[in-house]
1. Looking at the stretch 20-36, can you tell me whether even one residue there is at pLDDT below 85 and either touching a helix residue (DSSP H, G or I) at 6+ places or on another chain (Cβ under 9 Å) or part of a loop (DSSP other than H, G, I, E, B) (or both)?
2. Looking at the stretch 20-36, which of its residues are free of Cβ contacts under 8 Å to residues at least 24 places away in the same chain and surrounded by 12 or more Cβ atoms within 10 Å (Cβ to Cβ)?
């Protein structure tokens, strides 16, 4: 669970920086979509413990 917390915090932090340095605004749904997309890429690379973010198929 701590891995998931760190992962999600990191993604929110990156989105915040994008907004600050590129003057963009992302909706909550956009941030959630980016988190899911990044989690999917991590899972492809072999990461585990992200089952909460990535629904099982």
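The values are calculated or read from the model by the stated rules, or taken from the named source; none is laboratory data. Since the model is a prediction, treat every value here as computed from it, not as a measurement. Positions of Cβ are backbone-derived with ideal geometry, glycine not excepted, and every protein chain shown enters the neighbour counts.
1. No, the stretch 20-36 contains no residue that is at pLDDT below 85 and either touching a helix residue (DSSP H, G or I) at 6+ places or on another chain (Cβ under 9 Å) or part of a loop (DSSP other than H, G, I, E, B) (or both).
2. Across the stretch 20-36, the qualifying residues are 26, 30, 31, 32, 33, 34, 36.
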